[in-house]
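The values are calculated or read from the model by the stated rules, or taken from the named source; none is laboratory data. Quick caveat, the model's predicted, so the values are computed rather than measured. Methodologically, a virtual Cβ is constructed for each residue, glycine included, from the backbone with ideal geometry; neighbour enumeration extends over all protein chains shown.
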């Protein structure tokens with residue numbers, strides 16, 4: 001929560017403060033300390049102690065995480081609700097719930113996981129209690145390894161991309177298709193090129209693009225059109241010419257034709 | 001023949017840098033029947049269990065792996081020089097919540113813990129103990145998380161079902177109301193019905 | 001005590017990726033006398049020699065190392081055939097660039113990575129994680145690459161839009177580094193609220 005170590009004189013307090021993972025942890029601590037029934041929390045007393053604690057943190061100039069303040073507000077709200085006399089009307093309302101119920105549920109749930117965390121920490125840990133051979137066996141070195149789809153997690157992919165970004169100057173990155181606007185424009189241009197044609201060679205859509213941005217944006221435009229099912233992409237044979245066809249030609253869909261018309265008009 | 005098979009199974013497990021499952025063994029040892037392989041494996045497990053050797057054969061993360069004997073850990077730490085694996089309470093809490101409740105979103109984790117958990121989730125992702133399972137099909141499409149194979153390997157767990165069972169405090173509960181814990185009453189992003 | 005020491009020596013040799021010399025063992029086990037350690041080591045060597053196990057203890061390159069039994073080598077070869085190797089960093093980087101910046105040419109990939117990437121791209125193509133989207137109409141007609149269906153399957157993604165964005169990861173624990181990085185416009189057409 002806080003690693004402020006400026007207050008050597010108050011070290012003992014600090015140790016306490018750092019012990020708490022959050023407001024739920026602190027509340028559980030207070031409930032345990034006061035030896036009260038978690039199902040019947042004396043909310044006034046616990047709230048006072050909770051707020052005292054926040055004051056202490058403030059006095060120590062420690063950052064109080066927002067969650068602690070939110071919980072303080074919740075406690076005060078519960079306290080005031082409990083002070084209100086229950087009206088007959090409310091009593092009729094489907095089995096009125098104790099204002100503390102939600103909090104109790106959360107505390108119990110939290111306690112469950114807090115204990116699970118302790119149990120987990122007592123497992124025999126790899127790299128602490130047991131060690132495995134985390135290297136490839138030298139006897140396999142002589143074999144030619146035929147790789148299979150490797151195991152990799154999504155997060156590793158993102159990390160790898162971030163690594164690349166870290167090496168490249170930020171400027172060079174703003175070029176690629178970052179603005180949707182030019183893609184929209186290019187979609188209209190591509191549709192214009194297709195207008196009245198049965199099919200157009202994929203490559204021909206790139207004629208005139210001289211910059212990398214331009215090419216990439218054209219490409220994104222084509223993909224977008226494909227996603228919108230406004231064009232079809234076909235290829236007669238492997239690595240042969242790729243043909244782009246407007247979908248309207250093959251029938252199926254006046255809506256598409258409409259839209260195509262609209263975009264076309266908008267462009268020209 | 002049977003002795004031979006046991007030796008082969010041991011070799012295979014030995015050279016693998018990951019736990020080896022029975023399925024995997026059966027795939028590699030195609031000329032042998034599954035029951036035969038299972039028997040060899042079980043004999044091997046028994047032998048390791050009965051010996052006081054420096055290597056133990058553990059069932060972990062859905063497979064079998066050779067690991068150093070836990071009692072010798074002090075000496076091994078000297079050799080490896082590397083920092084000993086250690087987890088903070090917040091890391092363990094977050095892992096526990098994710099392990100028991102996966103697939104789970106960050107908002108759900110934070111509801112249960114009562115504190116922001118982005119930093120600790122990121123650290124656990126970096127350590128490969130968590131994985132991103134995809135996006136939840138609710139407004140805002142939040143990422144959903146689960147524990148990884150590495151998590152099982154790290155905590156020496158056979159599978160998720162061998163996680164220690166959660167201590168229920170229900171016998172103390174006046175009603176069963178508290179036991180319902182399926183959905184967390186979280187506001188979905190975008191839904192402002194409060 | 002001696003049994004214990006033997007177990008410790010075995011553990012130490014087991015976890016080492018290089019042959020462990022007697023000197024090394026004595027250095028690690030400083031509270032034990034050299035003759036004691038040598039005896040434990042010799043006993044261990046004898047035990048391994050007498051057993052028909054799948055692991056042998058060999059003296060090699062001035063030290064001791066555990067190896068799989070040579071007679072079982074044929075089976076190990078099969079294991080490597082189905083081995084799932086981890087991605088190399090360069091493969092992962094290349095895949096990441098293509099995933100997040102597709103459609104992209106090899107020259108663009110190399111511009112970002114700063115190194116020749118032809119080999120890596122070829123490997124990824126062979127693994128079917130990439131596909132050729134077409135050719136760029138500039139001199140040399142370079143191929144344009146994107147990720148494949150298999151890529152989505154490998155990461156268990158419904159579509160490219162469920163690829164976590166950099167932003168989503170940065171939001172977990174904000175760092176200053178690349179917070180300004182733009183996302184690719186991979187959102188569904190309907191969601192043009194950018």
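Yes/no matrix, rows are residues, columns are (1) under 17 Å from residue C:77 (Cβ atoms); (2) in contact with a strand residue (DSSP E or B) (Cβ under 9 Å, 6 or more places away or on another chain):
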| position | (1), (2) |
| --- | --- |
| B:11 | yes, yes |
| B:14 | yes, yes |
| B:22 | no, yes |
| B:30 | yes, no |
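Of the residues examined, residue B:125 is one that is buried (at least 23 other Cβ atoms within 10 Å of the Cβ) and closer than 26 Å to residue C:153 by Cα. Of all the criteria given as (1) facing another protein chain (nearest Cβ under 8 Å); (2) within 13 Å of the chain's Cα centre (by Cα), the one not satisfied by residue B:115 is (2). Checked against the criterion of being over 30 Å from residue A:110 (Cβ atoms), within 11 Å of chain C (Cβ to nearest Cβ) and exposed (fewer than 15 other Cβ atoms within 10 Å of the Cβ), region B:52-69 has at least one qualifying residue. Selection of region C:77-101 for residues being at pLDDT below 90, under 15 Å from residue A:165 (Cα atoms) and surrounded by 18 or more Cβ atoms within 10 Å (Cβ to Cβ) yields C:100, C:101. The residues in region B:41-74 that are over 15 Å from residue B:5 (Cβ atoms), in contact with a helix residue (DSSP H, G or I) (Cβ under 7 Å, 6 or more places away or on another chain) and without any contact (Cβ under 8 Å) to a residue 40 or more places away in the chain can be counted, and the count is 8. When A:220, A:191 are checked against the criterion of being under 23 Å from residue C:151 (Cα atoms), crowded, with 18+ Cβ neighbours inside 10 Å and at pLDDT 65 or above, a single residue qualifies: A:220.
The test for being at the interface with chain A (Cβ under 7 Å from one of its Cβ atoms) and within 16 Å of the chain's Cα centre (by Cα) does not hold for residue C:124.
Yes or no, residue by residue, for (1) modelled with pLDDT of 90 or more; (2) more than 8 Å from chain A (Cβ to nearest Cβ); (3) surrounded by fewer than 18 Cβ atoms within 10 Å (Cβ to Cβ):
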position	(1), (2), (3)
C:130	yes, yes, no
C:133	no, no, no
C:136	no, no, no
C:141	no, no, yes
C:147	yes, yes, no
C:153	no, yes, yes
C:157	no, no, no
C:162	no, yes, no
C:166	no, no, no
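Taking region B:73-87 as the range and being out of contact with any strand residue (DSSP E or B) (no Cβ under 8 Å at 6 or more places or on another chain) and within 9 Å of chain A (Cβ to nearest Cβ) as the test, the residues that pass are B:77, B:79, B:80, B:82, B:83, B:84, B:86, B:87.
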